[in-house]
Amino acid sequence: MLIATWNVNSLKARLPRVTTWLEEVQPDVVCMQETKMNDAAFPALTFEEMGYSTAHFGQGQWNGVALLSKVPMKNVVANFAVGEPDHEARIITADCGGILVTSVYVPNGRALDHEHYQYKLRWMKQLRAHAEALTTPQGKLVIAGDYNIAPEDRDVPDPAKLVGQTHVSDAERKVLADLCGWGLRDVFRDHYQESKLYSWWDYRGGDFHQGRGMRIDLMLATQAVADKTSWVGVDRNSRKGEQPSDHAPVLMMVDA
DNA sequence: ATGGTGGCCCGGCCA
């Protein structure tokens, strides 16, 4: 089963590229983020014609997450599975062919002294509670999406330049490590050790072409899933060309 | 230190 995550940065703006990509790559399950539309505007029929079941949790012009699945999808949960519901559309979960799959769009944080940063830290703690509520560390769970956190210094080009900024702070990395400590593996890191492998590049300043990005789109999987993961990759080509998202898809192949 | 690009939708906000 090929599972992908992609922050599309507006599904309305990206739909032609998304459908072309689905035809080429044929992922079985897709976690999508930043659809930036209402549920009524979500092009479910377009995806259904391509063989996908869909679930969307939107709120309008910001945020919005979705799941596409070619394998039977059931038990859809919009929002957190436990605790106070988030007031923004950032998380959706479903059972896709026996694997619990959660698509997440973690709050950006904006700045270390901003209220939004505290929201981000709280959000990550609730995400751990969400995982605990869904299953045990021995279960089959993938939480994939835009975490807006670069887990380690090797996930950014120049750590010294980012001191004092979001995405790399100790507190953010700690709440991510705490989530993984529950029983999730960063499957990309199980397969690649080198630095300078990214999933997001700012539109500005020619960052993509100059290799300035961050690895902030993560696929976290319980051990049972990670053990069956034969391949992981970032589809950099999808960051090229006309009207790209600023994120590239990340993919993992889970053997039956 | 700022602003750069590109979403939202048309004046800034957000990333």
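Here is the size of segment A:1-140 from its Cα atoms: Rg then Dmax, 15.0, 46 Å. Scattering from segment A:125-204 was approximated by placing one identical point on each alpha carbon and applying the Debye formula without solvent; log10 I(q)/I(0) at 0.15 1/Å stands at -0.61.
Placing R0 at 45 angstrom, the Cβ-Cβ distance between A:Gln210 and A:Ala40 gives a FRET efficiency of 0.65 after rounding to 0.05.
Sorted fewest first by neighbouring Cβ atoms within 10 angstrom, A:Arg110, A:Arg185, A:Arg14 come out as A:Arg110, A:Arg185, A:Arg14. For A:Gln61 and A:Trp182, a Förster radius of 35 Å and the Cβ-Cβ distance give a FRET efficiency of 0.55, rounded to the nearest 0.05.
Each stretch of four or more DSSP H residues adds -39500 (n - 2.57); spread over every residue of chain A, this sum gives -7500 deg cm²/dmol at 222 nm. Listed by chain and number, the lysines whose alpha-carbon sits under 28 Å from that of A:Lys36, ignoring those within fewer than 8 places in the same chain, are A:Lys12, A:Lys70, A:Lys74, A:Lys120, A:Lys125, A:Lys240.
Our estimate of slack between A:Asn237 and A:Tyr192, defined as 0.36 nm per intervening residue step minus the Cα-Cα distance, is 14.4 nm. Values of log10 I(q)/I(0) for segment A:2-254 across q = 0.07, 0.11 Å⁻¹ run -0.20, -0.52, by the Debye formula with one identical scatterer at each alpha carbon and no solvent.
Per-residue Cβ neighbour counts within 10 Å put A:Leu220, A:Leu2, A:Leu45 in the sequence A:Leu45, A:Leu2, A:Leu220, beginning with the fewest.
Bear in mind these aren't lab numbers, they're just calculated from the coordinates by the rules spelled out. From a predicted model like this one, the values you see are computed outputs, not experimental measurements. Counting neighbours? That spans all protein chains shown, and the Cβs are built from the backbone with ideal geometry, glycine included.
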